[in-house]
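Heads up: the structure comes next, in structure tokens.
The values are calculated or read from the model by the stated rules, or taken from the named source; none is laboratory data. Computed from a predicted structure; not experimentally measured. Ideal geometry is used to build each Cβ from the backbone, glycine not excepted, and the neighbour counts take in all protein chains shown.
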Number of protein chains: 2
Amino acid sequence: MTVTTSRQRGEYAKTAARRQEILSAAVEVFSTSGFTSGSLRDVAERVGLSQAGVLHHFPSKTHLLEAVLAWRDEESRLRMDSDHIEGLELLRALVDLVAYNQSTPELVELYATLSAEATSPDHPVHDYFVQRYATMVPWLQRSFELAAAGGQLRPDVDCGSAARQLVALMDGLQVQWLLDRTSVDMAVEVRRYIRSLLTVDL
Amino acid sequence: MTVTTSRQRGEYAKTAARRQEILSAAVEVFSTSGFTSGSLRDVAERVGLSQAGVLHHFPSKTHLLEAVLAWRDEESRLRMDSDHIEGLELLRALVDLVAYNQSTPELVELYATLSAEATSPDHPVHDYFVQRYATMVPWLQRSFELAAAGGQLRPDVDCGSAARQLVALMDGLQVQWLLDRTSVDMAVEVRRYIRSLLTVDL
DNA sequence: GTCTATATACTGATAGAC
DNA sequence: GTCTATCAGTATATAGAC
């Protein structure tokens, strides 16, 4: 907790709320049009500001995108409680997160669109996505290894490969789900894949 | 075979060659920048034409993209010989195609970028990708069903789910591979996944 | 904190000369 | 078949008034 004067409380809260409005609008715009094609004017319209008004809160378009990614990562981290669980429990939480994501199609679309866009080395958030996968794959691999140590994993499973495939499966399912949400249930497929690797129920 | 005069042969060949040059340049541009952000001027520069010159051969930017997709689909179809094989043989050919794709990173990037972009319902090639997956999944499903009928598939495998997961896996691996080609071998992972479903070697 | 106005640049497509 | 010139639209970012 930090001490705040009443004047600070009032003004900062208003600014913070404004920033959050802009972030939400940016999600809508960038998820539909991608980052490069999405425009600040479009973001500004949705929050009832001018384009210059948006740039007062975020100094550039790229800064805005980075703020969106940081905000969403924090949300997912809190939702999964990923700092306190591991092994099978974490895999279960992952399936729950995928199920939850199905209620936020805009955010799913944002990451699907951005991760593809950002494969180009000069994309503004290329490094973010390189880092993201370089962290995520070993992190899941560790959970598979813990499961293996507990005798819960089929003996012929390669943990590194399983982790990489699981991430790929989740990414790929997003595209199919976005194209036709009635025919795909991402959580069901992810759960089925993980179960096929285990000797116990998930 | 069709009959051609010498005059036709000469002029048509030149035009066809030019069209092919433009298609190749378009692959480079659209794969790097996506369709919406990629520009006709950029395509034109790469083939030494003006932007208007490009539009003489393809009446609009969207027509150009559609020609690129049709050309690449035909190439893949011929390479896989997919009209004449099925079952395990087709799954083997699919792994070979994935291995071959690793020699054409630009085309991989094109499809990864486009399939994400095109999830938006108003994207110019949205319908193309909807159709693509609606065809591809049942087509792979049939190969799994043939394998099952031949006793080559593990009895607990759901063919529809396996087909969907296989397509998702291939798509998702592309993103990881594009971000870091040294750490991912798409063909190895796809082969490993398919083998995990079979009772026989692939 | 928000605005208007502006600088600068790029876009797809068309008209018409050659 | 290819060009130049141009139209009408879009973009990010900045300067400065209020």
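From the list B:53, B:48, B:87, the lone residue that is within 13 Å of DNA strand D (Cβ to nearest atom), out of contact with any strand residue (DSSP E or B) (no Cβ under 8 Å at 6 or more places or on another chain), at positive phi and of a type outside the set (Asp, Glu) is B:48.
Selection of segment A:63-88 for residues being more than 14 Å from the chain's Cα centre (by Cα) and in contact (Cβ under 8 Å) with a residue 60 or more places away in the chain yields A:86, A:87, A:88. Answer with yes or no whether residue B:165 is of a type outside the set (Val, Ile, Thr), over 22 Å from residue B:89 (Cβ atoms), assigned by TED's automatic domain parsing to the domain that holds residue B:102 and in a helix (DSSP H, G or I). Criteria not met by residue B:165. Looking across segment B:130-147, just one residue is charged (D, E, K, R), more than 13 Å from every other protein chain (Cβ to nearest Cβ) and out of contact with any helix residue (DSSP H, G or I) (no Cβ under 7 Å at 6 or more places or on another chain), and that is B:142.
The condition (being of a type in the set (A, V, I, L, M, F, W, C) and over 18 Å from residue B:87 (Cβ atoms)) is satisfied by just one residue among B:175, B:190, B:157: B:175. Tallying residues that are touching a residue at least 12 places away in the same chain (Cβ under 8 Å), away from every other protein chain (no Cβ under 14 Å) and hydroxyl-bearing (Ser, Thr, Tyr) within segment B:89-111 yields 1. Against the test of being free of Cβ contacts under 8 Å to residues at least 60 places away in the same chain, facing another protein chain (nearest Cβ under 8 Å) and among the charged types (D, E, K, R), the options A:127, A:122, A:158 yield a single qualifying residue, A:158. Against the test of being modelled with pLDDT of 95 or more and either away from DNA strand D (no atom under 16 Å from the Cβ) or within 29 Å of residue B:192 (Cβ to Cβ) (or both), the options B:42, B:96 yield a single qualifying residue, B:96. The residue of segment B:14-30 that is farthest from residue B:72 (Cα to Cα), among those that are near DNA strand D (Cβ under 10 Å from one of its atoms) and of a type outside the set (S, T, N, Q), is B:14.
The C-beta contact set for segment A:41-62 (first residue away from chain B (no Cβ under 14 Å), second residue near DNA strand C (Cβ under 6 Å from one of its atoms) and assigned to a loop (DSSP other than H, G, I, E, B), distance under 6 angstrom, 6+ apart or interchain) comprises A:44/A:50.
Residues in segment B:147-162 that are part of a helix (DSSP H, G or I) and in contact with a Leu (Cβ under 9 Å, 6 or more places away or on another chain): B:147, B:159, B:162.
Listed here are the residues, each with its yes/no results for (1) surrounded by 14 or more Cβ atoms within 10 Å (Cβ to Cβ); (2) assigned to a helix (DSSP H, G or I).
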| site | (1), (2) |
| --- | --- |
| A:18 | yes, yes |
| A:25 | yes, yes |
| A:36 | yes, yes |
| A:63 | no, yes |
| A:103 | no, no |
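Determine, yes or no, whether residue A:164 is modelled with pLDDT of 95 or more and facing chain B (nearest Cβ under 7 Å). Judged against the criteria, residue A:164 is a match.
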